Amino acid sequence: MSNQSIQERVIQIISNQLGRKMEDIKLESSFTGDLDADSLDLVELVMAFENEFSAEIGEDGIPEEDSEKLRTVQDVIHYVEKRMKDRSAKG
Amino acid sequence: MKLTYPHTLALVTGASRGIGKSIAQALAQEGLTVLCVSRSEAGCQDTLAAIAESGGTAHALAVDVADPDAVEAACKTINDRWGAVSILVNNAGITADNLLLRMKNKEWDDVLATNLSSCFYWCRGLVSGMTQKRWGRIVNITSVSGLRGNAGQANYAAAKAGMIGFTKSIARELASRNITANAVAPGFIQTDMTHGLSEDIKEKILPHIPLKRFGVAADISAMVTFLCAQEANFITGQTFTVDGGMVM
């Protein structure tokens, strides 16, 4: 799993959660617009990201004010990378 | 009618006796694996023995349903050990009757926590397993006290009425995931909980029940079993009164 890129892992989760083919999920795809996610999907997606990346971003997960800003696939990848960087800078 | 159940893991709280025991037995009879929750693991031994005797499968779990951390931990254990629960019956309940002027904070808080907050904890903990499967059944056992009020039961009636509003809200939230949520409101059912009522009170109640008898636990579990089946898939957000016609 560790040799899979963040991008691949994010897309895999979105594919599982929303029942979409991986090739249909582009970096610029927006969850509610392009991928037809509803509010319940968004909550479940965030929970799935928290689970998948708990080692990288910590057990506290993704605060609500952050999760509200995650609109596209690219947003999530950037967010996870930023959290990892902040964490390693601190640690 | 033959009832069908596409997913086979069910959880019943307050399954050690009375209505909860009957519900656990009835669901096991339908071929479901039933997780029986009560305060102590020993509490469910009777239920487990009865289910085993009739060839069913059940497991006991000791959880204080009023404790959010305990319920969260239990949900995690359940997921790891048995997988996703598809049928959840929130039946655990207590009474601490008193007139308003004499009611202690603790009597109010305990009854609200065990009857109402517990529903929230269990539903929140188990619903993601249902959304993933795109199938789920939630049945909350409320009471006629929650519909018409009952002198001496302000705490209990508030909790039971709260369960009805809770049930309607989650029915709306979860409908798109093919999860139904309903409430069942028993009237006077012969269990340990009503056993304590005086003969005098029982005599006064009977004339108000058109079917002229107190209910038995199986009257409730028959309704619950139906609501949990695939065949009940167009019914959500409702409260079903099972009380011999007392409230109508």
Sequence-separation-based contact order of chain B, relative, with Cα cut under 8 Å and 6+ spacing, percent: 20 percent
Projected label distance in nm at A:GLU65 and B:GLN132, using a 7 Å step from Cα toward the beta-carbon: 3.2 nm
GNM flexibility winner over chain B from B:ALA73, B:ALA113, B:ALA58 (Cα, springs under 10 Å): B:ALA73
Sorted by Cβ density within 10 Å, fewest first, the residues B:CYS119, B:CYS36, B:CYS75: B:CYS75, B:CYS119, B:CYS36
Greater than 27 Å apart at Cα, pairs in A:LYS69/A:LYS90; B:LYS2/B:LYS160; B:LYS133/B:LYS168: B:LYS2/B:LYS160
In the stretch B:1-81, the trypsin sites (Lys or Arg not before Pro) that fall in loop regions by DSSP, at most 14 other Cβ within 10 Å: B:LYS2
For B:THR239, residues with placed amide H under 5 Å, excluding near neighbours: B:ALA183
Estimated inter-spin distance, B:ALA73 and B:LEU100, nm [label 7 Å along Cα→Cβ]: 4.0 nm
Sites B:ARG213 and B:SER40, calculated FRET efficiency, Cβ-Cβ separation with R0 35 Å, nearest 0.05: 0.60
Between the stretch B:31-82 and the stretch A:49-91, the Cα center-to-center distance that results, in Å: 36 Å
Local electrostatic count, B:ARG124, Cβ distance below 12 Å [Lys/Arg +1, Asp/Glu -1]: -2
Cut-off 14 Å, label 7 Å out along Cα→Cβ of B:GLN29, residues of the stretch B:223-239 by amide N: B:223-227
Residues in the stretch A:60-76 that a label on A:ARG87 would reach, taking backbone N under 17 Å of a point 7 Å out along Cα→Cβ: A:60-64, A:66-67, A:76
At R0 = 25 Å, FRET efficiency that the Cβ-Cβ distance of B:GLN230 and B:ALA50 yields, to 0.05: 0.45
Cross-link reach list, aspartates and glutamates versus A:LYS26, counting only Cα pairs under 14 Å and skipping chain neighbours closer than eight places: A:GLU8, A:ASP34, A:ASP36, A:ASP75
Helical contribution to [θ] at 222 nm, DSSP H n ≥ 4, -39,500 (n - 2.57), averaged over the protein assembly as shown, rounded to 500: -14500 deg cm²/dmol
Among B:GLY187, B:GLY152, B:GLY14, residue whose mean-square fluctuation peaks in a GNM of chain B (springs only between Cα atoms under 10 Å): B:GLY152
Burial ordering of A:HIS78, B:HIS195, B:HIS7, fewest other beta-carbon atoms within 10 Å first: B:HIS195, A:HIS78, B:HIS7
Span from the the stretch B:177-248 Cα centroid across to the the stretch A:1-47 one, whole angstrom: 44 Å
Student exercise, the protein assembly as shown dipole from Lys, Arg, Asp, Glu Cβ charges, in Debye to nearest 20: 820 debye
Total formal charge among the other residues, if their Cβ is under 13 angstrom from that of B:LEU147, Lys/Arg +1 and Asp/Glu -1: +1
Residue-count net charge about B:ASN90 - beta-carbon cut-off 12 Å; Lys, Arg +1, Asp, Glu -1: +3
Coil-residue trypsin sites (Lys or Arg not before Pro) of the stretch A:42-91, DSSP, other Cβ within 10 Å capped at 10: A:LYS69
Unpartnered cysteines - no second Cys beta carbon under 4.7 Å - across chain B: B:CYS75, B:CYS119, B:CYS123, B:CYS228
Computed E for A:GLU50/B:VAL247 - FRET, C-beta separation, R0 45 angstrom, nearest 0.05: 0.50
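FYI, it's all coordinate maths here, none of it is from the lab. Bear in mind the structure is a predicted one, so any value in this text is a computation, not a measurement. Reconstructed Cβ throughout: ideal geometry from the backbone, glycine too, with neighbour counts over all protein chains shown.
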